[in-house]
Each structure stands twice: as structure tokens, then as C-alpha cells.
1. Which of the residues belonging to the stretch 55-90 are over 21 Å from the mean Cα position of the chain (by Cα) and surrounded by fewer than 18 Cβ atoms within 10 Å (Cβ to Cβ)?
2. Go through (1) at pLDDT 90 or above; (2) surrounded by 12 or more Cβ atoms within 10 Å (Cβ to Cβ); (3) farther than 24 Å from residue 81 by Cβ for residue 186 and report which single condition fails.
3. What is the residue count in the stretch 216-247 for residues that are farther than 16 Å from residue 175 by Cβ and surrounded by 15 or more Cβ atoms within 10 Å (Cβ to Cβ)?
4. Among the numbered conditions (1) at positive phi; (2) outside any loop (DSSP other than H, G, I, E, B), tell me where residue 262 comes up short.
5. Check off (1) without any contact (Cβ under 8 Å) to a residue 40 or more places away in the chain; (2) surrounded by fewer than 18 Cβ atoms within 10 Å (Cβ to Cβ); (3) closer than 18 Å to residue 18 by Cα for residue 126 and give me the number that stays unchecked.
């Protein structure tokens, strides 16, 4: 009976992962669902181990193969591989940092392989394809503004600004993609960890996110590279992911401070609204995480306890 229940649970989690992945592929603006597809598999790894997860993931990929071979391959690279990497590292990690980095790294490799296969592993062609995609998105935004009745002169100004934005986005493609994979892995880990805690299995909670002090040299090095024109683009592509790491640390610090001072839950809603309306707030949160190295906000909390 227990084996049957285990099989049903494993099949349900594998099916949920495939449904999330395929919904992300076929629904408009469903990219986030694709990124969240490892969640059921991370839960499965925490419940029944990596061999069962690998077998269920392979079985779900075979079902995806019936839809399209490319869907099955993409599911293996973006859904199964990050979940296995995260689950494997989480077995020995004492903080959430190593599993999240492992999941983000596996996802990044999967995306790079798919793009590489699509363009014949030619970096120039990959950049051109991404630039064309960005052009299409920005042109749709400009066309939408024109249809909404924006005056012609303002539409032209908007198009010029979008052109500059396009160049910046293409130049920062590696850094932006790495940061996107990192934040997606954080979300996957956090949701899967919350589900596992309800099921009686634990992972190191995201509240214990703590970068080693040595990471600050990555911050300093990337920032230094941005000063010189010859290395500015490289520096920015390194600086953006490091800021993402410290942003997560800043959120963890803010959560502990909120618990310490018993702040009402509405503060979190206000903070999220502020992040949406004023993206520069993210840099303030990252600064909080960075200064935790010297200020030791959470070390003080542990001492007080």
C-alpha cells in the first residue's frame, strides 16, 4: 500500500512538473511557469531521493517527446537537471546558498545549450537572435503606445529611447540571464522548501541565506572592472549577478529584522509595491545585504537569543 501511494505521489509530482513546463511554453508570457517547473521535482527529491526523481523526470520527458522532441529536451535541461542539481547539493549543504547556486548553474547551462544548438553554437548568431527578439518586444511596446493615442513626437522619442535600451540589454545579456536564473532558483528553492516542511522534510530555509565574506571581493572586482572603458561591459555582466546575490541576502536580513521588531505583515506588501514602482529600491536591499558583512545584523540577533 505504501509503495502504491509512493508511486502515485511520484507520478503526480512528475506530471505537475511537465504541466508547468508546457504551460510556460504555450501560454502568453508564461516564461515564469517554465522556470518554476523544477519545484515538484525538488519536492520529489526531498521526499523519495534522487534516483526516483531522475526516473520520474525521464518518464515525464518521454511524455513530452510525444508532443515534440524539442519540448522533451528542453524539459530535461531546464526542469529535470536543475532539480537534480539542487536536490543533490541540498543533501549536504547547511545553508540554502549552495543548492540555489547549483540549480541556477544547471539552468544556465541548459539554456546555453539550447540556444547553442539552435544557432549552431555561434555566439554572434546567438546575440543576433536575442537582439531580434528584443527588437520585436520593444517594437510591440512602441506600436501599443501609438495605438493608445500617444502623440507622434512622443512616440518617436520613445522609439529612440527603446533603441538605446535594446543595445544595453543585448550588451548585458550574460549578466541578465545569469541573474534571472539565480532569482528563479531562489524562488524554486523557497517554494519547494516550504512544501517539504509541511510534509515533514526540511531544507535549510531561505532565511538562513548567508554569503561567505569572500564574496565581497567579487563585488569589489566587478565594480572595479566597470570603471575602465575596455573592461566595462565585462564588469557589468559580472556586477549584475553579484548584486542579485546580495539582493537575496538583503531580503533575508530584512526578514529577520522584521521578526525582531515585530513589524506587521503589511510592511512586506508595501516593500513589494515599492520594488515594483521604484526598481532602484532593489539596490538599497542589496546594500543592506552587503553591509551585513560588517554590521552583523543577524549575528546580533543570535547573540540576543
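1. 55, 58, 59, 62, 63, 65, 66, 67, 68, 69, 70
2. It is condition (3) that residue 186 fails.
3. 1
4. All conditions pass for residue 262, except number (2).
5. (3)
This table checks each residue for (1) at pLDDT 90 or above; (2) within 23 Å of residue 102 (Cβ to Cβ); (3) not in a helix (DSSP H, G or I).
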{"site": "18", "(1), (2), (3)": "yes, yes, no"}
{"site": "28", "(1), (2), (3)": "no, no, yes"}
{"site": "33", "(1), (2), (3)": "no, yes, no"}
{"site": "60", "(1), (2), (3)": "yes, yes, no"}
{"site": "65", "(1), (2), (3)": "no, no, no"}
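Quick grid of which residues meet (1) in a helix (DSSP H, G or I); (2) touching a helix residue (DSSP H, G or I) at 6+ places or on another chain (Cβ under 9 Å); (3) modelled with pLDDT of 90 or more:
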residue	(1), (2), (3)
244	yes, yes, yes
250	yes, yes, yes
255	yes, yes, no
258	yes, yes, no
268	yes, yes, no
272	yes, no, no
276	yes, no, no
289	yes, yes, yes
302	yes, no, no
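Conditions tested, residue by residue: (1) at pLDDT 90 or above; (2) in a helix (DSSP H, G or I).
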site: 76; (1), (2): yes, yes
site: 80; (1), (2): yes, yes
site: 85; (1), (2): yes, yes
site: 114; (1), (2): no, yes
site: 121; (1), (2): no, no
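The values are calculated or read from the model by the stated rules, or taken from the named source; none is laboratory data. Just so it is clear, the model here is predicted, and its values are computed rather than measured. Note that each Cβ is placed from the backbone with ideal geometry, even for glycine, and that neighbours are counted across all protein chains shown.
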